[in-house]
Amino acid sequence: MADLAGPDDQIQIEQLELYARVGVTDNERSRPQRITLNITVWPKRQFDALKDDISLTVNYAEIARAVRDLVQNRPACLIETLAVDIAENLLTGYPLAAVEIELLKYVLPDAAHVAVMIRREASQ
């Protein structure tokens, strides 16, 4: 178990800007809206066990691509649902112990953004 990731071994993708069809009304979902994602993943393998070999780590470019594909191809009513779908997709597609998603939507005229944040752990 020496190669299992510790609580501090994490990869962060900050301010991944995407466009999603998300919203409660049909009008809101009729065109893509700007959202921003902050993604933190905790790989199952400790960084000091990677031996500078990309095949042993979680490829953050692949994570960003997978999230982009999911967001662009899955309309949702709620940003909460979209965040859960992203977390589940990452946990099933990559060797991760946990994932945290912060999803920001720029929808209220008198606020900088609305955000949801979730953390999910892989089932053992």
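Just so you know, all these numbers are worked out from the coordinates, no wet-lab data involved. Just so it is clear, the structure is predicted and the values come from calculations on it, not from any experiment. FYI the Cβ positions are ideal-geometry reconstructions off the backbone, even for glycines, and counts take in every protein chain you see.
Of the GluC sites (Glu not before Pro) found in region 86-124, no site is in coil according to DSSP while having at most 10 other Cβ atoms within 10 Å of its Cβ.
Placing dummy labels 7 Å off each Cα toward the beta-carbon, the span from Gln72 to Asn38 is 2.5 nm. Looking at the chain, what % of its DSSP beta bridges pair antiparallel, to the nearest 5? Beta bridges within the chain, antiparallel portion: roughly 95 percent.
In the chain, helical runs assigned H by DSSP with n ≥ 4 each contribute -39500 (n - 2.57); averaged across all residues and rounded to the nearest 500, the mean residue ellipticity at 222 nm is -8000 deg cm²/dmol. Extension gain for the segment Thr25 to Asn59, taken as residue separation times 0.36 nm less the Cα-Cα distance, is 8.7 nm to one decimal.
Both radii were evaluated on the Cα set of the chain; the Rg over Rh quotient, with Rh as the Kirkwood radius, amounts to 1.03. One decimal place: the segment Ala122-Val107 gains 2.2 nm when fully extended, by the rule 0.36 nm per residue minus the C-alpha distance.
Loop-located trypsin sites (Lys or Arg not before Pro) in region 17-124 (DSSP state not H, G, I, E or B) with no more than 12 neighbouring Cβ atoms inside 10 Å: Lys51.
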